[in-house]
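The numbers here are math on the coordinates, done by the rules we state, and not lab data. Model, not experiment: these values are computed from the prediction. Positions of Cβ are backbone-derived with ideal geometry, glycine not excepted, and every protein chain shown enters the neighbour counts.
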Amino acid sequence: MAQSIPLRGVLLFHLNLSYSAIPVADRGQVVRRCYHPLLDLLDAVPDAKIAIEASGHTLERIAELDPAWVERLRDAVRAGRVEFVGSGDSQLIGPLVPETVNHWNQRLGRETYREILGVEPAVALVNEMAWSQGIVSSYVDAGYRAVVMEWNNPRRTHPEWEEEWRYRRVRTAAPGGEALEVLWADAVAFQKLQRAVAGDLEFEEYVDWVVERAGDSEGKP
């Protein structure tokens, strides 16, 4: 018999100073106006825990521009308030590059995380949500146990998948047999959050949508 369980979600924030719309000269302003307030959330909500992801390249640029922010992040990770999520040395699109490039991208990224934050993330965010089975081994070989991948587009191309599977952790395998856990992200959820932050959607409407979605998960095993 299926047992009702509460829906557990995680706020994962994606940091990217290499975003094409951000001039290099404005990177410091992004850290001050966006990344510091992100960590301020932990002071405003003492019980909060969030996840933060950044490529090795972005983390290195932040360390050059604002070492104090890196120290704040390091302290929050050590205190268990932030789970740091990896993604590689750069935010490249895995299925479009050779396997060797993917392997080195993940290895170099983890070296940077160790050097700057003193951590080895267990979870990675799949860059640009671009998936192929061939990228699995690069995450496994680098030491990751799980990846975050969006649910919505894969579900659209797999009509045989049941909708309730969005609430389940699954395992996938590389062509060579290496296994990796997949944690689903909801593209609609983060698009609605972006709209709420931008003022295009009432925050109360966003909260109502999240509560309704949580109710949809009741009774799922």
Cα centre as origin, Lys/Arg/Asp/Glu Cβ charges: the chain dipole, Debye: 360
Cα centroid of the stretch 28-45 to Cα centroid of the stretch 50-116, whole Å: 17
Q191-E111 FRET efficiency (beta carbon distance; Förster radius 41 Å; 0.05 resolution): 0.80
Dipole of the chain [Lys/Arg +1, Asp/Glu -1 at C-beta], most positive-end residue of W131, V188, S20: W131
Longest site-free stretch - the chain; sites: GluC sites (Glu not before Pro), DSSP loop, at most 15 other Cβ within 10 Å: 1-159
Ranked list, fewest to most other Cβ atoms within 10 Å of each Cβ, for Y35, Y206: Y206, Y35
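Between N152 and A198, what is 0.36 nm times their sequence separation minus the Cα-Cα distance? Round to one decimal in nm. Provide the component values of the computation, followed by the final result.
Values: separation 46, 0.36 × 46 = 16.56 nm, distance 2.25 nm.
In short, 14.3 nm is gained.
Restricting to Cα atoms and excluding each atom paired with itself, what does the Kirkwood estimate give for the stretch 12-216 in Å?
After inverting the mean inverse Cα-Cα distance, the result is 18.2 Å.
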L12, L17 arranged by Cβ crowding within 10 Å, fewest neighbours leading: L12, L17
Gained length - D40 relative to W104, 0.36 nm times residue gap less alpha-carbon distance: 19.7 nm
Whole-Hz couplings from phi, Karplus 6.51/-1.76/1.60, listed for the stretch 75-85; x for Gly and Pro: 5, 5, 5, 5, 7, x, 8, 10, 9, 7, 10
Separation of the E181 and K49 label points, Cα + 7 Å toward Cβ, nm: 1.3
